[in-house]
Amino acid sequence: MIYFDIAVQRPTILVQGKGTLDVGITALTGASGNGKSTLIKSLAGLIKPKAGFIKQDENYWFHHGQNLFVKPQARHVGYMPQGNIIFPHMSVLHNITYSKRGDEPLLAHILERLQLERYSHTKAGNLSGGEQQRVALGRALYAKPCVLLLDEPLSALDWTLRHQVQADIVAIIKEWNIPCLWVTHDEEEAKAVGDYRWSFEKGILQGS
Amino acid sequence: MSPLWLSLEVASIALCNIVIGGLLLCYMLKRYRFPGKALIDSIVTLPLVLPPVVVGFALLLVFTPGNALGAWLETQGWQVVFSKAGAILASSIIGFPLFYQTVRAALGSIDPAVEDVARTLGASEWRIFFTISIPLAWKGILTGSILAFSRALGEFGATILIAGNIPGVTRTMPLAIYSLVEFGDYTGAFELVVYICALTLGLLWTVHFITKGSLFHYQEER
């Protein structure tokens, strides 16, 4: 479980949020520029909050008072930023095994579960949007994350693909049985995927 | 050594210096936050806009055996003034900004989210630079290398001041052309001009091919 109570200063807004990420999917909605991506990046360690704390079970990742900040490299989060962010110059296999935390059995399971076996030696940049999305998810899962942070995971896909990919990702997350923060601006999507619902209003996290 | 081979040798060694120094500087400026970044950027870009003869004069002042650094280097067996090392140094400094600016722009155009993902996967900053940033910026690195090499090949003003015009030692192609013209040997000068034009044209064509993907067909950008 991830516990946090943070304040993050962004150029135009002060983002504040307090909550607990439990096993299952927490869907986070809110208008653009309200703090959704800021929260995800803060949890991943890519932005340093100006106050508060973040902890995973009993381990602090950030504690302002103790001047503690754990780098993203040591947090073991599975992060999927907006857009199809794969490593386009590498094969699917090299994308997925970029992290050194996974092992052979996990790789075999991910390739099979995400139906990526036949693409394993294909250059990731040559895949379709839906396939790239699966590569990005597989790459995050191979790193044995303790939490998944998905920033608009369906935004780069066209409408016809969205429902299928959404159902796939939800099923896989349930199997992995870890907390997942799923950011979306689409209320319908949030309703469909979320076990819990949060939203951002004017930089303040609600519903947590 | 003929001016053609000497030029190629000087420009090649200069290119090695430029690539190693340029990539290191780009990494440092990308990775670390420190005051004076803009100043460093301006200083290393200065040779692009300054007359090369000014750069040569500055190098002469720094490395002349008459001052502490030059004298110390000479006791270590390093003679910079009026030597091939001086020609290589001049070409490295004059060619550097073309490489640095091209590579910096190429690295800057990489979506920061790609490197962020690599961080969350546990990769060190060095690993990210070598496995993500450099491969994604390869076009810029290759283009910058060719531009810097071409510039090093044509270097004249700084070289003549720091390295002189010693036949077989520091007389590179541009200096040889200058000397031949001075002695009235227009035919000999013309021959070297043809060589240097063909060489640099070939290199610039390669840049065009890399950046546009087409060597012989000029396509209007729409």
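The values are calculated or read from the model by the stated rules, or taken from the named source; none is laboratory data. The shown structure was predicted, so the numbers you read here are calculated from the model rather than taken from an experiment. All Cβ positions, glycine included, derive from the backbone under ideal geometry; neighbour counts span all protein chains shown. Keep in mind that these areas ignore ligands, DNA and RNA; they rest on the heavy atoms of the full protein, side chains included. Shrake-Rupley method; radii C 1.70, N 1.55, O 1.52, S 1.80 Å.
Here are B:Gly21, B:Gly36: which of them is over 18 Å from B:Val169 (Cβ atoms) and surrounded by 14 or more Cβ atoms within 10 Å (Cβ to Cβ)? Walk me through it before giving the result.
Details: B:Gly36 fails: surrounded by 14 or more Cβ atoms within 10 Å (Cβ to Cβ).
Answer to the selection: B:Gly21.
How many residues are open to solvent by 60 Å² or more (accessible area, probe 1.4 Å) and of a type outside the set (A, V, I, L, M) when one looks only at the stretch A:151-208?
So the answer is 20.
Say we look at the stretch A:36-93 and pick out the residues that are among the hydroxyl-bearing types (Ser, Thr, Tyr) and over 20 Å from A:Arg134 (Cβ atoms); which of these is nearest to the other protein chains (Cβ to nearest Cβ)?
Initially, the stretch A:36-93 is screened for residues among the hydroxyl-bearing types (Ser, Thr, Tyr), giving A:37-38, A:42, A:60, A:79, A:91.
From what is left, the residues that are over 20 Å from A:Arg134 (Cβ atoms) are A:37-38, A:42, A:60.
Numbers: A:Ser37: 10, A:Thr38: 13, A:Ser42: 12, A:Tyr60: 18 Å.
Residue satisfying both the conditions and the ranking: A:Ser37.
Can you give me the number of residues within the stretch B:15-44 that are under 14 Å from B:Arg104 (Cβ atoms) and among the hydroxyl-bearing types (Ser, Thr, Tyr)?
Number satisfying all stated conditions: 2.
Hey, does the stretch A:38-59 have a residue that's assigned to a strand (DSSP E or B) and among the aliphatic types (A, V, I, L, M)? Talk me through it step by step, then tell me what you get.
Pass one, the stretch A:38-59, residues assigned to a strand (DSSP E or B): A:51-56, A:59.
Subsequent filtering for residues that are among the aliphatic types (A, V, I, L, M) retains A:51, A:54.
Yes: the stretch A:38-59 contains one or more residues that are assigned to a strand (DSSP E or B) and among the aliphatic types (A, V, I, L, M).
Name the single residue that is nearest to the other protein chains (Cβ to nearest Cβ) among those in the stretch B:101-151 being open to solvent by 40 Å² or more (accessible area, probe 1.4 Å) and among the small types (Gly, Ala, Ser).
Among them, the one singled out is B:Ser124.
Working carefully through the options A:Pro145, A:Pro153, find the one that is assigned to a loop (DSSP other than H, G, I, E, B), touching a His at 6+ places or on another chain (Cβ under 8 Å) and either away from every other protein chain (no Cβ under 14 Å) or within 19 Å of A:Leu28 (Cβ to Cβ) (or both).
Values: A:Pro153 fails: touching a His at 6+ places or on another chain (Cβ under 8 Å).
None of the other options fit; the residue is A:Pro145.
Among the residues of the stretch B:197-210, are any touching a Gly at 6+ places or on another chain (Cβ under 9 Å) and open to solvent by 30 Å² or more (accessible area, probe 1.4 Å)?
Yes: one or more hits.
Mind checking which helices (runs of 4 or more DSSP H) fall wholly inside the stretch B:137-222 and carry at least 3 residues that are at pLDDT below 90 and under 27 Å from B:Ala106 (Cβ atoms)?
On the way: elements: B:138-153, B:157-162, B:173-182, B:186-212.
In the stretch B:137-222, the matching helices (runs of 4 or more DSSP H) lie at B:186-212.
If you take the residues of the stretch B:26-40 that are in contact with a helix residue (DSSP H, G or I) (Cβ under 8 Å, 6 or more places away or on another chain) and free of Cβ contacts under 8 Å to residues at least 60 places away in the same chain, which of them is farthest from B:Ile110 (Cα to Cα)?
Within the stretch B:26-40, the subset in contact with a helix residue (DSSP H, G or I) (Cβ under 8 Å, 6 or more places away or on another chain) is B:26-27, B:29-31, B:37, B:40.
If we keep only those that are free of Cβ contacts under 8 Å to residues at least 60 places away in the same chain as well, we get B:37, B:40.
On the way: B:Lys37: 20, B:Ile40: 22 Å.
Taking the candidates together, the pick is B:Ile40.
Determine which single condition A:Phe87 fails, assuming it passes every other condition in (1) closer than 23 Å to A:Gln164 by Cα; (2) touching a Lys or Arg at 6+ places or on another chain (Cβ under 9 Å); (3) assigned to a loop (DSSP other than H, G, I, E, B).
Of (1) closer than 23 Å to A:Gln164 by Cα; (2) touching a Lys or Arg at 6+ places or on another chain (Cβ under 9 Å); (3) assigned to a loop (DSSP other than H, G, I, E, B), only one is false for A:Phe87: (1).
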